[in-house]
1. Kirkwood hydrodynamic radius, region 121-280, all distinct C-alpha pairs: what's the number in Å?
2. Quick one: which of Lys157/Lys224; Lys119/Lys224; Lys157/Lys200; Lys89/Lys118; Lys89/Lys224; Lys118/Lys200 span more than 20 angstrom between C-alpha atoms?
3. Isolated Cys in the chain by the 4.7 Å beta carbon test?
4. Work out which GluC sites (Glu not before Pro) in the chain are exposed loop sites (DSSP not H, G, I, E or B, at most 16 other Cβ within 10 Å) and give the longest gap free of them.
5. Enumerate the calculated ³J(HN,Hα) couplings along region 165-176 in order (Karplus 6.51 cos²θ - 1.76 cosθ + 1.60, θ = phi - 60°), each rounded to whole Hz, writing x wherever the residue is Gly or Pro.
6. Lys/Arg Cβ at +1, Asp/Glu Cβ at -1, dipole of the chain taken about the Cα centre: which of Gln47, Ala24, Ala144 is farthest positive-ward?
7. Tell me, what is a quarter of the convex hull surface for the C-alpha atoms of region 205-251, in nm² with one decimal?
8. What Kirkwood hydrodynamic radius, in Å, does region 185-269 give when the mean of 1/r is taken over all pairs of distinct Cα atoms and then inverted?
Amino acid sequence: MNLQRAIDDLFAAQIEEWPLLHDAVARHQQVRERSISWGDDFKIRLQYNPARSISSTASIEQEAIERRPCFLCEGNRPPHQRGIPFLEKYILLCNPYPILRNHLTIPLHSHVPQRIGKKAGEMLQLAQQLPDYVVFYNGPACGASAPDHFHLQAGLKMPELLQGDNELRSCLVMEGDTLQETEELFNDVYSYLQGRDPGKEEPMLNLIAFTQNNRYHLHLFPRKAHRPCQYFETGERQVLVSPGALDMAGLMIMVREEDFNKMRHHDIEDIYSQVSLPVI
């Protein structure tokens, strides 16, 4: 099966039969974007996407999670939502609150916590079958709105998402000619980060996987905070930004128009300095 073609067919069918997705895709085609550059070294694309406010403002406190049904478990999903099985343990679902074109949510069938652990190889397997996509992972305190149910996400590539390391935020770049080689590099980096903070179940991180020029790529963004202080401010000083993998890579989501309009170089630099963990 050509998985990319199957995903195209899934989106075409789901847009016709699922009104929520139909409207979401139409809105996403009209989102406003603008770019901020640091010379030739790095470019951020800002996206004004108010539909993402549910995710950006989601509480990850244990009490809040326990009070709501898990929206990634099969019995709690919208009745119109259907998907494509992968590796007999995942299902590829159309995301009704897209950031990227053909935005997918990819939960495990099992309700287990959001921990990447030994699953980087499965990310790379998916990236191998989706050469036009990035596959990404948000840690349980790094942008995942469902930290109680393991899931990946994916969407069509954008140049800003493939940029790698720069002076604004840390990005550990792993690449190899084979899936196994790249996975082993990840395991070494993951063990190193765990050793720096052994008290946590998982190091704070975001991860992006993709293939390019017949090579496997993993970009790991080590984190020291979930949200910047601006998120908790009030009035004009507040910025409702809650960085996940895409924000760390170079596509920063703004759910309020006033935040989208006022962001400047120094604002982005400050946000990254608060949430990105320097690794030397």
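Read the figures in this text as sums done on the coordinates, not as results from a lab. All values reported here derive from a predicted model rather than from experimental measurement. Glycine also receives a Cβ, built like all others from the backbone with ideal geometry; neighbour counts cover every protein chain displayed.
1. Numbers: mean 1/r = 0.0615 Å⁻¹.
Taking every pair of different Cα atoms in region 121-280, averaging 1/r and inverting gives 16.3 Å.
2. On the way: Lys157/Lys224 26 Å; Lys119/Lys224 22 Å; Lys157/Lys200 32 Å; Lys89/Lys118 14 Å; Lys89/Lys224 31 Å; Lys118/Lys200 16 Å.
Distance filter (> 20 Å) returns Lys157/Lys224; Lys119/Lys224; Lys157/Lys200; Lys89/Lys224.
3. Cys94, Cys142, Cys171, Cys229
4. Details: sites that count: Glu61, Glu88, Glu167, Glu201, Glu233.
With a cap of 16 other Cβ atoms within 10 Å, the longest stretch comes to 89-166.
5. Running phi through 6.51 cos²θ - 1.76 cosθ + 1.60 with θ = phi - 60° gives 7, 7, 6, 7, 8, 6, 9, 8, 9, 10, 8, x Hz.
6. Ala24
7. Working: hull surface 14.9 nm².
For the Cα atoms of region 205-251, the hull's average projected area reads 3.7 nm².
8. Numbers: mean 1/r = 0.0664 Å⁻¹.
By the Kirkwood definition, the hydrodynamic radius is 15.1 Å.
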